[in-house]
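Please read the structure below before turning to the comments.
The values are calculated or read from the model by the stated rules, or taken from the named source; none is laboratory data. Note that the structure is a prediction, hence the values are computed from the model and not measured. All Cβ positions, even for glycine, are placed from backbone atoms using ideal geometry, and neighbour counts span all protein chains on display. SASA here: full protein model, heavy atoms, side chains in, ligands and nucleic acids out. Shrake-Rupley method; radii C 1.70, N 1.55, O 1.52, S 1.80 Å.
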6 protein chains.
Amino acid sequence: MGQGGDITSRAVIPAGVRIRAEIVARSEGVVAGLHAAAATFSLVDPGLVLDVATTDGSSVASGAVMAVVEGSARSILCAERTALNFLGHLSGVATATHALVSAVSGTSARICCTRKTTPGLRALEKHAVLMGGGVSHRYGLDGAILIKDNHIAVAGGVRSALEAARRVSGPVTSIEIEVDTLDQLVEALDAQVAVVLLDNMPPALLRQAVEMTDGRAVLEASGGVTPDTVHAIAQTGVDYISSGWITHSAPALDCGLDFSRGL
Amino acid sequence: MGQGGDITSRAVIPAGVRIRAEIVARSEGVVAGLHAAAATFSLVDPGLVLDVATTDGSSVASGAVMAVVEGSARSILCAERTALNFLGHLSGVATATHALVSAVSGTSARICCTRKTTPGLRALEKHAVLMGGGVSHRYGLDGAILIKDNHIAVAGGVRSALEAARRVSGPVTSIEIEVDTLDQLVEALDAQVAVVLLDNMPPALLRQAVEMTDGRAVLEASGGVTPDTVHAIAQTGVDYISSGWITHSAPALDCGLDFSRGL
Amino acid sequence: MGQGGDITSRAVIPAGVRIRAEIVARSEGVVAGLHAAAATFSLVDPGLVLDVATTDGSSVASGAVMAVVEGSARSILCAERTALNFLGHLSGVATATHALVSAVSGTSARICCTRKTTPGLRALEKHAVLMGGGVSHRYGLDGAILIKDNHIAVAGGVRSALEAARRVSGPVTSIEIEVDTLDQLVEALDAQVAVVLLDNMPPALLRQAVEMTDGRAVLEASGGVTPDTVHAIAQTGVDYISSGWITHSAPALDCGLDFSRGL
Amino acid sequence: MGQGGDITSRAVIPAGVRIRAEIVARSEGVVAGLHAAAATFSLVDPGLVLDVATTDGSSVASGAVMAVVEGSARSILCAERTALNFLGHLSGVATATHALVSAVSGTSARICCTRKTTPGLRALEKHAVLMGGGVSHRYGLDGAILIKDNHIAVAGGVRSALEAARRVSGPVTSIEIEVDTLDQLVEALDAQVAVVLLDNMPPALLRQAVEMTDGRAVLEASGGVTPDTVHAIAQTGVDYISSGWITHSAPALDCGLDFSRGL
Amino acid sequence: MGQGGDITSRAVIPAGVRIRAEIVARSEGVVAGLHAAAATFSLVDPGLVLDVATTDGSSVASGAVMAVVEGSARSILCAERTALNFLGHLSGVATATHALVSAVSGTSARICCTRKTTPGLRALEKHAVLMGGGVSHRYGLDGAILIKDNHIAVAGGVRSALEAARRVSGPVTSIEIEVDTLDQLVEALDAQVAVVLLDNMPPALLRQAVEMTDGRAVLEASGGVTPDTVHAIAQTGVDYISSGWITHSAPALDCGLDFSRGL
Amino acid sequence: MGQGGDITSRAVIPAGVRIRAEIVARSEGVVAGLHAAAATFSLVDPGLVLDVATTDGSSVASGAVMAVVEGSARSILCAERTALNFLGHLSGVATATHALVSAVSGTSARICCTRKTTPGLRALEKHAVLMGGGVSHRYGLDGAILIKDNHIAVAGGVRSALEAARRVSGPVTSIEIEVDTLDQLVEALDAQVAVVLLDNMPPALLRQAVEMTDGRAVLEASGGVTPDTVHAIAQTGVDYISSGWITHSAPALDCGLDFSRGL
């Protein structure tokens, strides 16, 4: 809200009026962000209480009540939009993740997200990915060493990049390297890297990569991952499939606040 | 990035290496967010300079260079992901807005956004809407009085809500009221309100509303606005069409950083 | 307070002592800022409770108890000065506003403030203006379009400035234009602007402006507004009178904390 | 400004226009706050340069140019109001201080301020007091021990309060005690306190206090200090006279920005 | 913690598990920082309660329970390390201070700290010094005037530095001057300065300084202060001994969290 | 500094005086924190330039010039203490780390730090550890999964804790487990954990652990690590030795600012 606050509610709604309102899903999906919504209400007015009717990670049908909030009508209307924006966006991320997870069921592949997140909301979006059934990648640039094509170019090759990385690695510093070709994969496997990111390879190539690797490294596939393509990617035998789409382009889950009645 | 910084670049890339890299669109769309991307690079390292090759509001083809950044390789790689996240998200908003604006060309309707924005990014998203050819709605809860259904319910009707609103209005305080039915519209027009928001009305009903209003108030339509439906809505003669989809569900514009060569 | 905290209270007052103290008006006026004072006490020590004995917007006589605070003596003395500084300043603004409002009673003019506020305290001062019986102007530079003399000069005239403003206006974007002469007023009325700010015009000129306008625009007068001049200005028939004096030069309401007794 | 920025300037003023504008005093007084004004302009746009034509602490006549700012017209208009609010308020404090300092010239009394400052602006107001010819009191609650009436009441008397204070005092911890009566002054002098604050005593009583003290302590008078009363207070022989009025109720110095010409 | 939170506890410990854990000293010393530890736990989870079993300023034996915390196992493990880091560091400061205070018992010298503190933790370390039996020096650069050798050099001598300092001094502004030689001490005493810092003088020289001063100024010794040297320094008769070692080099008090049992 | 700024320098040093000053080591050690010192000077005054005469990670002798700063005397004296506090503390950490690294030379063990860091300074201290020749452990609670004794207790054993951890692990999530006994080590190795932390084991036991592990896991030893004990620990064949002492109890490197001459 602007620094002047919610001038509509202050003008139109008497100070003492209390209401009870329901947050209702207007489409089906997987819930995430109830804590962010609750925090929004209580930051606006510590007297507002959000009783959740579901939990992060649960599926909801269209029309389902997700939570109930009670308290000052002015405060609830002031906080409403921001609370719903959190809930709609994060449930959208969880729902998109769940779509991928469902599509790979029956394979051993796991879904994770990338660093293509919304500025300011990374931690919340990572949580939403977990709620949708995905797993977590590194949280920030300090969580692991991930050597990408440009790093390799500057470092002068896969081998020298890996040597440099190992010099500063502590006991829990994971090292992953991104490769675009099977030749690079061979070089990475020869250098005994633990995790390899196979970037933008079609399923046929991924399958070859899995065979060549033969368990010597953990394999992650990324690029072109959609609900339509993900099953074929998973069937190649890669361990992880990472998707930027689930965080940067997931449509919001539609939800609204139904102002039920005076108390 | 985490508090430990970009451990990969620090490990793999020598301190003195300088590079020149291009930010390239990987799909077509309308650009927005070059300032946010530039700010990201210069916050990470004041020595980085982003030379823009296009401007916010321009259309780009897939493959087009959007900007060039030069400086420390470590710094550029550290800032890359966040800068691209801003640019991809905001260009996605501008592109979605432009799709609606194009679809209503030939009518007098103008496209604006709602308060269904991403928490923390409202100002940037509003800018992206302008860049896509839309116009601005109120920026926050203090920018105008917008009386919604729940306000009317608590206030005891359209008339009493409007009277309360007028009591505290200054010279530039706009008052808009949301109506769901033609009966409410009549009540609002009788009370001489300046702007009416017609919520979730199908085109046939919108057309009746425009006829009944006959220029006595500015009319804004919202609800169910997509690139497919927006032309029919615009043809009803409403003045503004507002869309939450362009901010909360616009897919990101795909863009990447191509590390060109050492300097 | 400084980073070392309130060294006097810590040195002189034993940790466990609890007191009850009254905030007392030492001159008469209109109260504003009880919420800011309460927030100050509870930020210093969440265990302090402020029971208000009056409400923002009420008149108090000299000697009246405005609120009572109970709790740790150390905490109350530590928070006292800042709480009183808020209350004294904001009640001063409300009292000054009320003086203008009283002086125009019997006319249809309403009193509002300007952007000549104290840096950091705008929102609180706007609230104090409302408590004194004034109404609100735009809260920030994004709340409405207000075209001033310098904007007109750069834009090349009233007409071209207004055209530019309308191109980006959404449904609730108010447009106001400042004029210094009756010629400019005519130009503004011809361009059908909704609100005109008549800057620094004496009452005789204001009266002419009201007649020329004849209801075609809302009129706001500003410049030289004091408790002595405001009645004459109001009698000219303008709709709003805006004053910078009520926020930037209002003397503080004198109030103090009387430490009543141990509990 | 609000989160949407200065929508008027963005709408009405083309992006590339540069101007040169003068900040002009519209009444006479003592200047303070040029640094705060300069910081405001450069925070809004690092490309704006403020060339000062006077210095903090100088007297200006009505009509004098205080500073000149050059750069983007949009940026200057966006920053204008906040920069002038700082300059007007702080010059108002300096001017009020100077009025007291002038009134006590010929005596040995010095003028200082109290902690009755505007929340958020204490450091800037203290600076303005120095610029007006005053001297500084403690900056915060940790700068010295100041034992007031309520501290004495809880501590059980002047002597026990002073003993407690001395127990935690380091080499540069000053101790001052507030007294309301000559009896309390005797008690404080007997306890060898270094500084005594004589609260709300009329000149006759102050004169007695000065005689009784006979140089054994530094004396500060406060309460009822105005430009009319301050000379009589100074003639009693007290060392310091402290005034809350100069910070909490000083009228702002009127100043404006005159937009001179395109570059 | 990083933005992703405590991924170990979230993965390994079920959400509902509650525990009770004891914070135990693993070496002997003086306690400080229980409030900082309590604040850490309650910021991580407002539902955590820390029951203290001792108080800041008390001595504890190795093995002693300092506090007990109860609540969510996930929350306690997430907050544990930061809470213990505060407690260990601040108790280390208190313990080091106490060692100096004990070593000077039987003399009139008091121990204080310097500005050689850990960036960000000054206020907490000053509190720990008090808890160890020390007294407080100025909290920041605005708490008193302390003229050091470099100030004297630029100002052109002791006398001119003191004159400049007095020109802006208010009633509670203490002035202290640092001297390296007895000649400078004489100059300072002649100029009637209230407090003199004797920098890096061996005990024999300090003794001469005390004699020469003969009560005309408060004397503070600093430089080379360790538990081994401090008694000899104190016996020279100086009033205060200041030590940087107690804040910047005090070893942490070893303490740990013993997870006792499920509730 | 306090909100009133450096009142000594402002009082005693004329505004225009410029100086050149050297930061000098007063004992020998390894440098770290030159960037933090430089940032301190430039935050206080962007006009100050610090020219470094050495680099982070270099050894300096007592008396060596570490850096030279030039500019306003007031600004340099205002920033001095905080800049030196950063440099002294961080160089102390680097020096302590280097002492351990030197003591294990000739073995394959590497030195890393723990999470026993100073609140607020973790990232800087981790950097100092690298500069002293150590390597990095996880930066925060989200950088890796580290299962400690209390986690095992709540989870119901090593095996179930590891299973839970693996369920949410992404491709680069390292898992380390802490064991106190050889029995627990066997259980961890059977569960194929990648990294084991051997807590508080004497060298003889560590040697057995190394033999039993036989390369199946990376081994980290912690507990009782000092410059005296670390060589014996390293000789057992563990891969990493982690020390809390190098961050929480390292004595500061003594350094000072020698004010050389006017410019």
Straight-distance crosslink candidates among lysines, where the alpha carbon sits under 17 Å from E:Lys148 and sequence neighbours closer than 8 are dropped: E:Lys116
In Å², what does the accessible area per residue of chain E work out to with a 1.4 Å probe? 36
Can you tell me the 0 to 90 degree angle between the C-alpha axis of helix C:203-213 and the longest principal axis of chain C, rounded to 10? 60
Could you calculate the contour length gain from A:Ser160 to A:Arg26, that is, 0.36 nm times the residue separation minus the distance between their Cα atoms, to one decimal place in nm? 42.9 nm
What list of ³J(HN,Hα) couplings, whole Hz, do you get for segment F:164-177 from phi and the Karplus terms 6.51, -1.76, 1.60, once you set θ to phi - 60° and write x for glycine and proline? 4, 5, 5, 4, 10, 7, x, x, 10, 7, 6, 10, 10, 10
Mind checking A:246-253 for the average number of partner chain beta-carbons within 10 Å of each residue's beta-carbon? 5
Which residue is it, in chain B, that holds its beta carbon closest to the axis of the B-onto-F rotation, and how many whole angstrom away? B:Pro46, 6
Antiparallel versus total DSSP beta bridges in chain D: what percent is that, nearest 5? 50
Heavy-atom accessible area order for F:Val238, E:Val52, D:Val186, largest first, 1.4 Å probe: E:Val52, D:Val186, F:Val238
To one decimal in nm, how far is D:Arg166 from the same spot in the other copies, if labels go 7 Å from Cα toward Cβ? Please give the shortest first. 2.6, 7.1, 7.3, 7.3, 8.1
In the protein assembly as shown, what % of DSSP beta bridges are antiparallel (nearest 5)? 50
Average partner coverage of A:109-120, which counts Cβ from other chains inside 10 Å: 5
Treating the point 7 Å from Cα along Cα-beta-carbon as the label, what are the nm separations from E:Ala204 to the other copies, to one decimal? 5.4, 6.6, 9.4, 9.4, 11.1
Cut-off 9 Å between beta-carbons: net charge of the residues surrounding A:Asp149, Lys and Arg +1, Asp and Glu -1: -2
The convex hull of the Cα atoms of segment B:8-142, divided by residue count, gives a volume in Å³ per residue of 114
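Roughly speaking, to the nearest percent, how much of the protein assembly as shown's 1.4 Å accessible area is carbon and sulfur?
52
Sorted by accessible area with a 1.4 angstrom probe, largest first, how do C:Arg207, D:Arg167 fall? List each step's numbers first, then the result.
Details: C:Arg207 110, D:Arg167 155 Å².
Listed by decreasing accessible area, they come as D:Arg167, C:Arg207.
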Can you list, shortest first in nanometers, how far E:Gly120 lies from the same residue in the other copies, with each label 7 Å from Cα toward Cβ? 0.7, 2.0, 2.4, 2.4, 2.7
Counting only the backbone N, which residues of segment E:59-91 are under 20 Å from the spot 7 Å out from the Cα of F:Leu43 toward its beta-carbon? none
Counting Lys and Arg as +1 and Asp and Glu as -1 over every other residue whose Cβ sits under 14 Å from the Cβ of F:Thr118, the net charge comes to +4
Expressed as an acute angle from 0 to 90° and rounded to the nearest 10, what is the orientation of the C-alpha long axis of helix E:34-44 relative to the principal long axis of chain E? 50
For D:Glu176, enumerate residues with amide H under 5 Å from its amide H, sequence gap 5+ or separate chain, H modeled in the peptide plane. D:Ile145, D:Leu146, D:Ile147
Where F meets E: accessible area buried, both sides, 1.4 Å probe, Å²: 4100
Angle between chain B longest axis and helix B:122-131 axis [Cα atoms, degrees, rounded to 10]: 90
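I'd like the mean, over residues of C:231-244, of how many other protein chain beta carbons sit within 10 Å of each residue's own Cβ.
Details: counts 0, 0, 0, 0, 0, 0, 0, 1, 2, 4, 0, 2, 0, 4.
Going residue by residue through C:231-244 and averaging, the value is 1.
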Could you order B:His248, D:His89 by accessible surface area, starting with the largest, using a probe radius of 1.4 Å? B:His248, D:His89
Using the alpha-carbon centroid of each, what span in Å lies between segment F:1-63 and segment C:175-241? 59
If I build a Gaussian network model for chain C, linking alpha-carbon pairs within less than 10 angstrom, which residue out of C:Ala123, C:Ala15, C:Ala252 has the largest mean-square fluctuation? C:Ala15
